[in-house]
Amino acid sequence: MESRHEKEVFCMSILLKNCKLMGQEPVHILIEADRIAYIGTDQPSATEVIDVAHRVVLPGLIDPHVHVRDMGLSYKEDWLTASRAAVSGGVTTLLDMPNTQPRTVDAAGLAAKREAAQKSRVNWGLHFGATETNLSDIETAHNIAGIKVFMAESSSDFCVQDPDALRAIFHLAHQLDKPVLVHSEVQACVEAHEAQFEPSILNHNHIRHPKCAVEATRIILKLAEEMKNRLYIVHTSVAEEFEMIQAAKDRGVRVTCEITPHHLLLDTSILAQVGNWGKVNPPIRDRSDQQATLRALQQGVADTFGTDHAPHGLDEKSREYAQAPSGFPGLETLLPLLLTEVHRGTLDLTQLARMTSGNVARALGIANRGEIKVGNYADIIAVDFDYRWTIDPDQFETKAKYSPFAGREVIGKNWLTVVNGQVAYHKGQFFAGHGREIDYR
């Protein structure tokens with residue numbers, strides 16, 4: 001469907017005037033076709049000129065961890081609504097996870113998702129799911145971002161528990177030189193704790209206990225070190241995990257540590273207020289682990305941000321704890337939450353850009369994106385850095401109109417999104433267009 005305020009636009013060249021690139025002195029950026037052609041203080045001619053008026057300009061965000069849903073789960077989200085949420089939130093590229101209907105674990109599932117993704121307004125890539133029996137499917141999968149392993153069940157009906165199967169997946173990933181992305185919780189550990197606690201959102205952090213994550217992370221770091229893998233640990237959230245990851249990096253293990261805004265900014269004290277809106281796997285942690293996530297950000301242990309955008313119907317999230325699915329939307333809150341932290345001095349604009357774009361591109365081998373430089377694809381955003389507003393899920397573009405951040409005051413909002421050299425979003429208005437499937441080095 002075409003939504004309100006959406007129209008076609010195509011320009012052969014665009015000049016973005018008066019850009020505070022990474023918050024620095026103003027420059028002008030010339031875009032020709034889909035590439036950045038010039039960055040400097042001269043003002044070359046262009047088909048269209050947009051005066052950015054000294055707003056902060058950043059690389060378009062690359063979200064490595066999105067659950068778009070669609071197909072059999074389109075009532076939760078589809079590629080159009082997810083990509084509209086992305087483009088309004090400054091995300092110009094997203095990577096979709098494989099736990100969909102159908103699952104992205106074989107050629108048919110991969111083809112079905114590629115067909116569905118043609119609706120996307122932003123660039124996209126696909127992670128391929130590993131099961132205990134699909135090595136041949138992984139080996140023949142074409143142009144995938146990474147190989148996703150769920151070590152515990154989490155809004156998915158497949159996980160890898162057999163140690164030999166896990167080892168075989170890591171071995172194949174090394175041969176293919178593909179990153180292994182791991183949801184790091186041990187299923188048997190989760191089940192053991194589940195039997196000990198009353199099912200309640202207030203016990204979620206005990207049921208999916210931090211030690212379940214630590215145990216899984218220990219296993220995969222050992223495998224990655226032994227087999228020389230490119231390892232990408234998604235939504236890391238426990239102090240001991242960060243310690244092990246840093247030690248592994250010091251030994252030369254090729255590991256990327258992803259964190260989420262919710263593990264950085266929320267702790268279990270909020271759960272009594274937000275209820276199942278805050279149910280997510282791994283759980284929102286207690287204050288000590290939340291502070292450990294903050295230290296990991298500040299000390300450089302954490303490499304990337306991912307949203308784990310995981311939309312569900314509001315009616316589903318309103319069920320009793322045991323029946324309510326885990327996850328909540330994040331594409332529209334990532335940028336304002338992090339810009340707010342820039343204002344607070346938690347990180348600077350350079351680190352924000354690195355962790356939301358450049359480091360993601362490097363970790364996943366995404367070619368010619370992730371940095372504003374001549375020759376790269378023109379995926380660019382401009383933000384109203386000092387704009388104060390309140391997060392209101394009713395205004396979201398995603399189908400999931402809820403958030404544990406509802407009512408939170410933030411500073412900074414997206415103003416302009418350019419995708420592949422074309423204006424996709426400007427001052428609240430959407431412009432029709434299509435993203436592309438991304439390529440990898």
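The values are calculated or read from the model by the stated rules, or taken from the named source; none is laboratory data. As the structure is a computational prediction, the values presented were derived from the model and not from experiment. Ideal geometry is used to build each Cβ from the backbone, glycine not excepted, and the neighbour counts take in all protein chains shown.
Observations on the model:
- Screening T93 with (1) over 30 Å from V383 (Cβ atoms); (2) crowded, with 24+ Cβ neighbours inside 10 Å; (3) not charged (D, E, K, R) gives one miss only, at (1).
- Considering region 237-283, and only residues there that are under 22 Å from A361 (Cβ atoms) and of a type in the set (D, E, K, R), the residue that is surrounded by the fewest Cβ atoms within 10 Å (Cβ to Cβ) turns out to be R254.
- Members of region 225-244 found to be farther than 16 Å from E258 by Cα and either without any contact (Cβ under 8 Å) to a residue 24 or more places away in the chain or more than 22 Å from the chain's Cα centre (by Cα) (or both), listed by number: E225, E226, M227, K228
- Taking residues in region 157-173 that are closer than 18 Å to R230 by Cα, and partners anywhere that are of a type in the set (D, E, K, R) and outside any loop (DSSP other than H, G, I, E, B), the pairs with Cβ atoms closer than 7 Å and at least 6 places apart or on different chains are L172/E139.
- Filter result for F158 (under 19 Å from T256 (Cα atoms) and not aliphatic (A, V, I, L, M)): no
- F158 vs. criteria touching a Ser or Thr at 6+ places or on another chain (Cβ under 8 Å), under 30 Å from I207 (Cα atoms), modelled with pLDDT under 95 and surrounded by 15 or more Cβ atoms within 10 Å (Cβ to Cβ): yes
- Near pairs, Cβ below 9 angstrom, 6+ apart or cross-chain, from region 246-262 (of a type in the set (K, R)) to any residue that is at pLDDT 95 or above and part of a loop (DSSP other than H, G, I, E, B): K249/V301; R254/P179; R254/K228; R254/N229
Listed here are the residues, each with its yes/no results for (1) outside any loop (DSSP other than H, G, I, E, B); (2) at pLDDT 95 or above; (3) buried (at least 20 other Cβ atoms within 10 Å of the Cβ).
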position	(1), (2), (3)
F10	no, no, no
H28	yes, yes, yes
I31	yes, yes, yes
A46	no, yes, yes
V57	yes, yes, yes
